[in-house]
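Below is one structure; the comments refer to it alone.
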Amino acid sequence: MPFYITTAIAYVNGQPHLGHAYEEIATDVLARQHRQRGEDVFFLTGTDEHGEPVADAAHAQGLEPQELADKNAERFKALMPQLNISNNFFIRTTDTQHMHRVQEVLQRVYDNGYVHKGLYEGWYCPRCADFKVENEILDGNRCPIHEIALTRESEENYFFKLSAFQEPLERLFDEHRDFVMPARAYNEARAFLGQGLQDISLSRAKLTWGVTVPWDPSHVFYVWFDALLNYYTALSYASPDTDLTDHYWPAQFHVIGKDILKFHTIFWPAMLMAAGVEVPQRVFVHGFLMGEDGRKMSKSLGNVLDPFAVLEEFGTDALRFYLTREVVFGSDGNVGPHGLRIRYETELANEYGNLASRTVAMLRRYRDGNVPRVDTDPEIREQFDGLAEAISELFDRAETTQALDTIWQRVRRLNRYVEERQPWQLAKDDTRGAELEQTLTTLFEGVRVISVLLHPYIPQSVERLLASLGAPDTSYASARFSATGPLAGGVDLPPLEPLFPKLERPAE
């Protein structure tokens, strides 16, 4: 079955940072797990390149907006393979095909009677590219997101009749309680809706860097309407030969940050309704990353976690694991270099990596690297029964952190099993050979199943380990604990190099 998932698209007025890496990784984990289950996944990400913030940033650097967009879009695109992101397409909102499709869809909104012209006056944040309503504004007329002074703007614009969708949106929220996830985000969006909707600016007359309004070329579309449509427009040209829209739309998951909640949960579904397009199934809203001291990350405070430095020192899988493990998906979380090092050393290296290394080493020492085909330990097997199904249920609710914790409980159980059974002692007693073989086979099978379930989180390490075990299958069909011996029984196991090598201690 089709499964369409998207990230928010990154604004190109700046360079990639940890927040971008986090959203890409979190979404990739979801996409990979659904692929494991045999679903037909399409994963979209990309860059948002129009609007006043891009034009202002470009002019400050002595560049044309397209030059800045081209330069920074390539940086975001280059980040995908560094993070091992499995996106199917990377959209740029300066793509000609996207801009034409935006014009087509918004022309339908206009033709359906949901656009009117009027004078707009209000408080505007140039960094958000958003007009703020009175109850959003901080003391001193400051932006609630960027905490900068707002400017008073007045111009003649085309307006989208958002107010016409008060009741349809209320029905959507009331009938589909999982339209916005998690519950905290749903409540926030529903409260915004409960304040009553007002018509909003659809176009800007003072800007030229944007998609031209087809019925009035003296205007360009307000950047948010251009950007929000990317999730829909990309499907029309992501494949060179086929329009994928009918196959994948509506999206199952839009993954976004909480600072853009109202655009995706209120403006976006209303715009689709106005164009006669089916709304997406879910919008999942994740939180912010903060420093380990609970303060916003800042270079001057020394609490910044630089994703590129982490990739160089710890590797891609360590960053993927840490961000998914440390921060409950859907909530704010504190992250930093100290916590990353602890998770790497105690969990990845000592608990998982050492478990795999000990298992392979004992099979090589006590059975010449051949995995016995014997019954696995029923007590351990029982603790793995239904695990794959439980993980899938958590993923269906986007509870990826809880799923990882559930898997990690089995990592720790297998480590305790080693200490309980003490294979090195069993090997000294010829009368306990069958018990030793059951122990080693159970450990092999446990490591294999755990690794399959960990594949969405740390794909490179898992693929390396499973290949070494002679069991490279990462599909969900292989995530079952065998009762009669490992799927790859009898293989000659080669030595296993450490999956997560020891780190040099930081200088005091």
Among Gln460, Ser201, Phe179, the residue whose Cα sits farthest towards the positive end of the charge dipole of the chain (+1 at Cβ of Lys and Arg, -1 at Cβ of Asp and Glu, taken about the Cα centre) is Gln460
Tell me which residues come under 5 Å, amide H to amide H, from Val41 once H is placed; ignore anything under 5 positions away on its chain.
Phe3
Working from the pairwise distances between different alpha carbons, so that the mean of 1/r is found and then inverted, what is the range 1-124's Kirkwood radius in Å?
16.6 Å
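With a cut-off of 8 Å between alpha carbons and a minimum separation of six or more residues, what is the relative contact order of the range 2-287 in percent?
Values: 487 pairs, mean separation 61.3, N = 286.
Over the range 2-287, the number comes to 21 percent.
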Going residue by residue through the range 333-349, the Karplus relation 6.51 cos²θ - 1.76 cosθ + 1.60 with θ = phi - 60° gives ³J(HN,Hα) values, rounded to whole Hz and with x marking Gly or Pro, of x, 9, 9, x, x, 5, x, 4, 5, 5, 4, 4, 6, 7, 9, 5, 6
What list of whole percents do you get for P(r) of the chain, with Cα-Cα distances grouped in 10 Å bins up to the one holding the largest distance?
4, 17, 26, 23, 15, 9, 5, 2, 0, 0
List the residues of the range 367-407 whose backbone N lies under 13 Å from a point placed 7 Å from the Cα of Arg480 along the Cα-to-Cβ direction.
385-389
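Stretched out fully, how many nm does the piece from His176 to Thr406 gain, at 0.36 nm a residue minus the Cα gap? Numbers along the way, then the final one.
Values: separation 230, 0.36 × 230 = 82.80 nm, distance 2.79 nm.
Fully extending the segment from His176 to Thr406 adds 80.0 nm.
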Virtual paramagnetic centre 7 Å along Cα→Cβ of Leu63, amide N under 18 Å, in the range 1-16:
10-16
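Quick one: compute a quarter of the convex hull surface over the Cα atoms of the range 337-478 and quote it in nm².
Convex hull of Cα atoms, orientation-averaged projection: 9.0 nm².
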What list of ³J(HN,Hα) couplings, whole Hz, do you get for the range 111-120 from phi and the Karplus terms 6.51, -1.76, 1.60, once you set θ to phi - 60° and write x for glycine and proline?
5, 7, x, 9, 10, 9, 9, x, 9, 10
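Using the count of nearby Cβ atoms within 10 Å as a rough guide to exposure, how do Val115, Val447, Val418 rank from fewest to most? Working shown, then result.
Values: Val115 20, Val447 25, Val418 17.
Least crowded to most crowded, the residues run Val418, Val115, Val447.
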Using +1 at the C-beta of Lys and Arg and -1 at the C-beta of Asp and Glu, which of Tyr114, Ala238, Trp215 has the Cα lying farthest in the positive direction of the dipole of the range 2-287?
Ala238
Given charges at beta-carbon only (K, R positive; D, E negative), |dipole| of the chain in Debye
820 debye
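Mind jotting down a quarter of the surface of the convex hull over the alpha carbons of the range 2-287, in square nanometres, one decimal? If you can, show how the numbers build up before the last one.
Numbers: hull surface 58.8 nm².
Mean orientational projected area (the range 2-287, Cα hull): 14.7 nm².
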Sequence-distant or interchain residues sharing an amide H contact under 5 Å with Tyr120, placed H: which?
Glu155, Glu156, Asn157
Taking every DSSP bridge whose two residues both lie in the chain, the antiparallel percent to the nearest 5 is 50 percent
Going residue by residue through the range 355-361, the Karplus relation 6.51 cos²θ - 1.76 cosθ + 1.60 with θ = phi - 60° gives ³J(HN,Hα) values, rounded to whole Hz and with x marking Gly or Pro, of 4, 5, 5, 5, 4, 5, 4
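Could you work out the mean projected area of the convex hull around the alpha carbons of the range 152-309, in square nanometres to one decimal? Could the numbers behind the result be given before it?
Working: hull surface 54.1 nm².
Taking a quarter of the hull surface, the average projection is 13.5 nm².
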Given unit charges at Cβ for Lys, Arg (+) and Asp, Glu (-), the dipole magnitude of the range 337-478 about its Cα centre in debye, nearest 20, is 560 debye
Which semi-axes, in whole Å and largest first, does the equivalent ellipsoid of the range 43-105 have when worked out from the alpha carbon gyration tensor as the square roots of 5 times its eigenvalues?
22, 18, 7
Ranked from fewest to most other Cβ atoms within 10 Å of their own Cβ, Leu169, Leu443 fall in the order Leu169, Leu443
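Every number in this text was worked out from the coordinates using simple rules, so none of it is lab data. Remember, predicted model here, so these are calculated numbers, not experimental data. Every residue, glycine as well, gets a Cβ built from its backbone with ideal geometry; the counts of neighbours run over all protein chains shown.
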